[in-house]
1. I need the P(r) histogram for the stretch 206-285: all alpha carbon pairs, bin width 10 Å from 0 out to the longest distance, whole percents.
2. Please name which of S56, L16, A6 has its Cα lying farthest along the dipole of the stretch 1-61 towards the positive end, using unit charges on Cβ (Lys, Arg +1; Asp, Glu -1) and the Cα centre as origin.
3. If you stretched the chain out fully between D33 and R95, how much longer would it get, using 0.36 nm times the residue separation minus the C-alpha to C-alpha distance?
4. When the expected Rg is taken as 2.2 N^0.38 Å, what fraction or multiple of it is the alpha-carbon Rg of the stretch 6-115?
5. Within the stretch 170-184, which residues have the backbone N less than 11 Å from the label spot 7 Å out from A156 along Cα→beta-carbon, could you tell me?
6. What is the spin-label model distance, in nm, from S47 to R249 if the labels are put 7 Å beyond Cα along the C-beta direction?
7. Please build a GNM for the chain, connecting alpha carbons under 10 Å apart, and tell me which residue among T135, T158, T176 fluctuates the most.
8. Take the alpha carbon atoms of the stretch 43-77, find their center, do the same for the stretch 231-270, and report the distance between the two centers in whole angstrom.
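The values are calculated or read from the model by the stated rules, or taken from the named source; none is laboratory data. Predicted, not measured: the structure shown is a model, and the values here were computed from it. Every residue, glycine among them, receives a Cβ derived from its backbone with ideal geometry; neighbour counts consider all protein chains shown. Ligands, DNA and RNA are stripped out before the accessible areas are found, and what is left, the full protein with its side chains, is counted by its heavy atoms. Shrake-Rupley method; radii C 1.70, N 1.55, O 1.52, S 1.80 Å.
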Amino acid sequence: MTKRIALATSAEHAELHAHDLPLVDALRAAGLDPVAEVWTDPSVDWSAYDAVLLRSVWDYHRRYDEFTEWLAQVDKAGVPVLNDSGLVRWNGDKRYLLELRERGVAIVPSQVAAGACLREVIGGLDGQEIVIKPTVGAGASHTIRGIAGSPELDHALTELPDTVYLVQPFQPEIQTDGEWSLVFVDGEFSHAVVQRPVDGDYRVQLMFGGVATSADPSPAVLDSARAVLEAVGPTPVYARVDGVVVNGRFLLMELELIEPYLFFPQSPEAAQRLATAVADRLQLATVSG
């Protein structure tokens, strides 16, 4: 019997992102029946599926409590989530970076601050160029950059919502050399791109005009990315390791395990790799069950 797999999306991308369409074809070729379903749609019977593969749930950070409740509902229905729902919950708050640092991973220096503590932390960085981002966030939402102590940054702080933030030094290498994104499927390296922002910006996302170019990572960068996954524990079905090389050393910026854009256009065979990994996971779950 053909296994049905729900490709979880958001209402804004109910029909999947165009770049995910090769994955749909690859899943079908792997003998699965993929169906796009909006995660916030109350009419969806998730128990009718053999697994849920998270894809364009790109609004999860705006409805995070609702998202984690939804994960609990899918868990209760006994339907596997890919990536594993426990990994997804852990990865949903960027404070995981500090945990990885404790496990020996080199990260972009990061401090966590909320409420009045945010200005206190920033006050200790007077004159430094910094980036402030929510610990629960995506797509550079509510992310600001500026000089600590400057009137411009002080004004920008007044417009931020009251939540928990990461405070990090700005890495100028993002503008000069770009940000690495290394994609792994079932623990194996698949492909990599370097993302670069438009002149004058620091945000590398496509929505801000950023450009991603296929690239071959050096052995040192690849080893560093592998070390990130090894520090996580359970092998994710898919992962994107984002980082920047500073003084010859790869520093982790984010580990994307929820809904990362996987750059299938830059590596068409990657969709087949992921489809095979998903099919293998479902087959293993069937045998184990």
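1. Taking all Cα pairs of the stretch 206-285, the binned fractions are 14, 43, 36, 7, 1 percent.
2. A6
3. Details: separation 62, 0.36 × 62 = 22.32 nm, distance 3.59 nm.
In short, 18.7 nm is gained.
4. The stretch 6-115 yields a ratio of 1.22.
5. Only 170 pass the distance filter.
6. 5.2 nm
7. Top of the fluctuation ranking is T158.
8. So the two Cα centres are separated by 22 Å.
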